[in-house]
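Participant: Please find one structure pasted underneath; my questions will follow.
Values in this text are rule-based calculations from the coordinates and carry no lab data. Because the structure is a prediction, the values reported are computed rather than measured. Here Cβ is always computed from backbone atoms with ideal geometry, including for glycine, and neighbour counts include all displayed protein chains.
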Amino acid sequence: MSGTKEDQVIYYVEKAGEMINDAKLLADNAAWTSCMNRLYYACYYAVTALLLKYGIPVKTHSGIKTQFNLHFVKAGIVSKEQGKLYAELMNWREKSDYSAFFNANAQSVGPLIQPAVELVKVIVVLIESKQ
């Protein structure tokens, strides 16, 4: 990806918002596995933007989770519950992509929508507060 670091941060924040909107549409249509996938990517893009904004280098999905936990969850900047949500979404996304017979449903994914929206909002505030 080219452009300035700030351009990249803006891009990832916009992608996070797009993924949240997609997740809501998928939930409205009972496409629960795809909804869960979009929730993960919404949080992934938001966390990626946050780490980029703070100059924390990462290259992999697991590296992003590790650095997010180290610099923001363990530091008490983001709640432990939100850190667990990100990890849970990442785990479910991996299962849905790589495990046979994985099926999400309304009971497992529905309750994750609002917490994922809140996590993205928290991250956007952190990004905007970093000058």
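Participant: If you stretched the chain out fully between THR66 and ALA87, how much longer would it get, using 0.36 nm times the residue separation minus the C-alpha to C-alpha distance?
Facilitator: Net length gain for the segment: 6.6 nm.
Participant: If you scale each eigenvalue of the Cα gyration tensor by 5 and take the root, what three semi-axes come out for the stretch 4-131, rounded to whole angstrom and sorted largest first?
Facilitator: 24, 15, 13
Participant: Run lengths n ≥ 4 of DSSP H only: what is the helix-derived mean residue ellipticity at 222 nm for the chain, with -39500 (n - 2.57) per run over all residues, to the nearest 500?
Facilitator: Roughly -23500 deg cm²/dmol at 222 nm, from the helical runs in the chain.
Participant: Still on this model: Where in the chain are the DSSP H helices whose alpha-carbon span along the long axis reaches 18 Å or more and whose Kyte-Doolittle mean is at least 0.5?
Facilitator: Answer set is 32-53, 113-129.
Participant: Ranked highest first by the average count of other Cβ atoms within 10 Å around their residues, in what order do 12-19, 33-40, 70-77, 47-54 fall?
Facilitator: Ranking, from highest mean packing down: 33-40, 47-54, 12-19, 70-77.
Participant: Set the Förster distance to 22 Å, then compute FRET efficiency between LYS74 and SER108 from the Cβ-Cβ distance, nearest 0.05.
Facilitator: Efficiency computed from Cβ-Cβ geometry: 0.20.
Participant: For the chain, what relative contact order do you get, as a whole percent, if you take Cα pairs closer than 8 Å and at least 6 residues apart?
Facilitator: 32
Participant: Still on this structure: So what is Rg over Rh here for the stretch 46-100, counting just Cα atoms and using Kirkwood for Rh?
Facilitator: 1.01
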